[in-house]
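Everything below concerns the one structure shown next.
The values are calculated or read from the model by the stated rules, or taken from the named source; none is laboratory data. Quick caveat: nothing in here was measured; it's all calculated off a predicted structure. Every residue, glycine as well, gets a Cβ built from its backbone with ideal geometry; the counts of neighbours run over all protein chains shown. With ligands, DNA and RNA removed, areas are computed over all heavy atoms of the protein, side chains included. Shrake-Rupley method; radii C 1.70, N 1.55, O 1.52, S 1.80 Å.
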Amino acid sequence: MTDDLSAALAELAAAYGVATEFWDWRGQHTRAPSSTVTAVLAALGVAAGTDDEVRAALRARDEAPWRLMVPSCVVTRSGTARQVFVHVPHGASVQVSVQPEDGSSPRQLAQVDRYVHPRPIDGALVGEATFEVAADLPLGWHELRATSGDRVASCPVVVTPSFLGLPPSMPDGPVWGFMTQLYALRSRASWDHGDLADLRELARWSATDLGAGFVLVNPLHAPSPSPPLEPSPYLPVTRRFVSPLYLRVEAIEEYAALGDLARGQVERIAAAQRQWNTSGSLLDRDTVWDTKRTALGLVHAVPRSPDRESTYERFRELEGAGLIDFATWCALAEVHGGVWATWPEELRDPTSPAVATARVDLASRIEFYCWLQWLADEQLAAAQEQATGAGMPLGIVHDLAVGVHPHGADTWALQDVMAAGVTVGAPPDAFNQQGQDWSQPPWRPDQLAAAAYRPYRDMLRTVLRHAGGIRVDHVPGLFRLWWVPEGASPDQGTYVGYDHEALIGILVLEAWRSGALVVGEDLGTVEPWVRDYLAERGVLGTSILWFERDHDGLPLPPESWRELCLAAVTTHDLPPTAGYLTGEHVRIRESLGLLTRTPEEERRVDEEEREQWLALLRDRGWLPDGADEQQTVEALHRALAATPSRLLGVALTDAVGDRRAINQPGTSDEYPNWALPLADGSGRPVLLEDMVGSARAAGLAAAVRGGGPA
């Protein structure tokens, strides 16, 4: 085939939600080459390399719904009736009911008077009957059952909130909180890596002393247990389970029962690690994990009380097969390494007899990794309890990464719902003009629907269990994702659409169950209707001050910002505010060759745009003439306080004057992404205890609350 798509290939691509054309970040109409479209269809299990294959695939796609008696899953909104199609032999009768989640009596569904011509499928006529799910079905996961003669089929009916919005715990006015990379936040008791006890103390201090209402943390998802550990919290091996690096060993209840010999060993390990808390060197996750795993093994050997054992077993039952699969992958990774594609072939399939045998042989290690997740769940619960007990209306807001590592636990355990041969990324935009490849395999939208979205639901439930909110990184990915075929450059990808009604609906349902709010990170190239849809469903957006501009390209007046929004001056993909004010982001991209404009032009544009914001601050009386760096940072946060936005985020790096970028998108080893400990403007490490009573932190908190001197 040529790069000119045939009409049939374009039709097939549309049937699978694969974009053949789109508008780029400059507003230019762009067509996807046929090679990209064909590769993406192949990742969806569709052969489209010849005209005959395209015709066969179109026919199969058209017939697929008729081969199912009921859909794989029905997702609807509360207060809205929904029609459901049921397929039975032509002329056969069928009865359909819904069994509510609460166990109450089944509801019979009324058939809708709607005639559809029968279809010949595999030599037999198949008819389609239409039934209506009533608008008053309560929120939750219910079961639809269809019976026709001796044939019975069922599927979930998921009733989701029409509008989520803010939880009852939120006050009428705005709420502010720190945004932090937890691994970088160390205290004197840390093991050279921030942990959940540090999170608990950060929440207590910021709530009681500064009036904060939440703490937003980076994704706490688990990395591989097999070094080298991936530094990016946005490239975990699973999004469902927690990194044991965040455990505080001394906070485990069984730690108190350690014998003298074991306790002495743990104390020596801890002392060796704590000496690095005041070092400005890059974080060494491999050493942290090596020492922490040894200490955790000693604590794991302590017998649990009957009550503790019962609590542990309830946790294992709650997490079910997903926990066992994750723990099995961890145990296998210890033996064979963290890249499961290189394991012995018989271990690459989690349902194989060889894996069943390995589960027996590695039972003690599997149990160890299950136990670690129970401890993480306990310490997360303690952090959330401390936060809300200190007066935070939300407490801990968790971050959900876009995807997972291509060789990790989720890609092993969930092979049937994940695409192979492609990775997720981003098309070229103003911030990264060469595009991005995040190396993450995406969900297959067709297979995720066929699995009734259960892997997605289970992940959300685990993350939300002890959360006051969830931030969804790159929330447009629930609408469409940029798929990059293996071996292609990021700008040679195309968009693949997802059933956003189902994905957003299930997200807001699970958040509603947890009493949590949802923040969508809707930055970058986002279709305007996506933001409208998110607002309609009560999902908060994200506004970063430097990017908020009107139609003329001028700073958007603070009072014109969105209300349902998390507003912040900076984000983890930009330098802290002190660094941004000096053009650190331009310097980094220039040094790494990531600019498409000349450095001189890039600096000129950047300086003009920053000066426009500073001029607005002066006009409003928030920034005095001759202001120093700290006064300027505070003035920018006063602008946040003047917005109607309900959540105001303050980077913890701004509270200590750090200048260094946490992450530079589009890079891996070229920049020390996700490896910098918290430090002040001169690079000296700052511990959590150093912030308590800090005038700089107090001044910044006062500014974002709308007070303090101008």
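Assorted remarks:
- Any hit, the range 647-662, residues being in a loop (DSSP other than H, G, I, E, B), open to solvent by less than 40 Å² (accessible area, probe 1.4 Å) and farther than 20 Å from VAL633 by Cβ: no
- Condition check for TRP622: more than 15 Å from LEU700 (Cα to Cα) and modelled with pLDDT of 95 or more: no
- Output for the range 385-401, where each listed residue is closer than 24 Å to MET459 by Cβ and either open to solvent by 30 Å² or more (accessible area, probe 1.4 Å) or modelled with pLDDT under 95 (or both): GLU385, THR388
- Residues of the range 273-312 classified as open to solvent by 50 Å² or more (accessible area, probe 1.4 Å), of a type outside the set (Gly, Ala, Ser), under 29 Å from ALA675 (Cα atoms) and outside any helix (DSSP H, G or I), total: 5
- When restricted to residues that are under 15 Å from ARG145 (Cβ atoms), out of contact with any Phe, Trp or Tyr (no Cβ under 6 Å at 6 or more places or on another chain) and β-branched (Val, Ile, Thr), the range 87-131 contains 3.
- In the range 49-57, the count of residues that are touching a Ser or Thr at 6+ places or on another chain (Cβ under 8 Å), more than 27 Å from VAL424 (Cβ to Cβ) and open to solvent by 70 Å² or more (accessible area, probe 1.4 Å) is one or more.
- Test for ASP192: is it on the phi > 0 side of the Ramachandran plot and crowded, with 19+ Cβ neighbours inside 10 Å: yes
- Residue within the range 631-639 that is open to solvent by 20 Å² or more (accessible area, probe 1.4 Å), at negative phi and of a type in the set (S, T, N, Q) present: yes
- Single residue of the range 127-174 satisfying the filter (in contact (Cβ under 8 Å) with a residue 24 or more places away in the chain and among the β-branched types (Val, Ile, Thr)) that is nearest to ARG114 (Cα to Cα): THR130
- With respect to the conditions (1) buried (at least 16 other Cβ atoms within 10 Å of the Cβ); (2) at pLDDT 90 or above; (3) hydrophobic (A, V, I, L, M, F, W, C), PHE22 falls short on a single one, namely (2).
- Within the range 648-664, residues that are touching a residue at least 24 places away in the same chain (Cβ under 8 Å) reach partners that are part of a strand (DSSP E or B) and open to solvent by 20 Å² or more (accessible area, probe 1.4 Å) with beta carbons closer than 8 Å, at six or more positions or on different chains, in the pairs GLY649/MET179; VAL650/MET179; ALA651/MET179; LEU652/MET179.
- In the range 501-586, counting only strands (runs of 3 or more DSSP E) that sit wholly within it, the ones holding 1 or more residues that are of a type in the set (Val, Ile, Thr) and either more than 30 Å from GLU101 (Cα to Cα) or touching a His at 6+ places or on another chain (Cβ under 9 Å) (or both) span 541-544.
- Qualifying position, being modelled with pLDDT of 95 or more, closer than 25 Å to GLN415 by Cα, of a type outside the set (Asp, Glu) and not in a loop (DSSP other than H, G, I, E, B), among ALA47, ALA39: ALA39
- Lone qualifier among VAL692, VAL704 - being touching a residue at least 24 places away in the same chain (Cβ under 8 Å), in contact with a helix residue (DSSP H, G or I) (Cβ under 9 Å, 6 or more places away or on another chain), of a type in the set (A, V, I, L, M) and open to solvent by 40 Å² or more (accessible area, probe 1.4 Å): VAL692
- When restricted to residues that are more than 16 Å from GLY693 (Cα to Cα) and either of a type outside the set (Lys, Arg) or assigned to a loop (DSSP other than H, G, I, E, B) (or both), the range 189-210 contains 11.
- Top-ranked residue of the range 470-500 - restricted to ones that are closer than 24 Å to THR388 by Cα and β-branched (Val, Ile, Thr), ranked as surrounded by the fewest Cβ atoms within 10 Å (Cβ to Cβ): ILE470
- Qualifying residue in the range 68-83 (condition: among the small types (Gly, Ala, Ser), exposed (fewer than 13 other Cβ atoms within 10 Å of the Cβ) and under 40 Å from the mean Cα position of the chain (by Cα)): yes
- Residues in the range 445-467 that are farther than 30 Å from ALA382 by Cβ, out of contact with any helix residue (DSSP H, G or I) (no Cβ under 6 Å at 6 or more places or on another chain) and open to solvent by 20 Å² or more (accessible area, probe 1.4 Å): PRO445, ASP446, ALA449, ALA450.
- For the range 501-533, the set of residues classified as more than 16 Å from the chain's Cα centre (by Cα), open to solvent by less than 10 Å² (accessible area, probe 1.4 Å) and closer than 22 Å to MET179 by Cα is empty.
- Summed over the range 351-379, the residues that are open to solvent by 20 Å² or more (accessible area, probe 1.4 Å) and either in a helix (DSSP H, G or I) or not aliphatic (A, V, I, L, M) (or both) give a count of 14.
- Meets criteria (in contact with a Gly (Cβ under 6 Å, 6 or more places away or on another chain), modelled with pLDDT of 95 or more and closer than 23 Å to GLU501 by Cβ) for ASP458: yes
- Selection of strands (runs of 3 or more DSSP E) fully inside the range 58-156 by the criterion of at least 3 residues being under 24 Å from TYR16 (Cβ atoms) returns 74-77, 82-89, 119-121.
- Filter result for ASN673 (in contact (Cβ under 8 Å) with a residue 12 or more places away in the chain and within 27 Å of LEU617 (Cβ to Cβ)): no
- Here VAL266, VAL237, VAL242 are screened, and the one residue that is touching a His at 6+ places or on another chain (Cβ under 6 Å) and open to solvent by less than 30 Å² (accessible area, probe 1.4 Å) is VAL237.
- Residue count for the range 409-449, restricted to those that are over 30 Å from CYS155 (Cα atoms) and of a type in the set (Ser, Thr, Tyr): 2.
- Scanning the range 87-102 for residues that are within 35 Å of the chain's Cα centre (by Cα), more than 11 Å from GLU132 (Cα to Cα), of a type outside the set (S, T, N, Q) and open to solvent by less than 60 Å² (accessible area, probe 1.4 Å) yields a single hit, PRO100.
- All positions within the range 443-455 that are in a loop (DSSP other than H, G, I, E, B) and either more than 19 Å from ALA60 (Cβ to Cβ) or modelled with pLDDT under 95 (or both): ALA451, ALA452, TYR453
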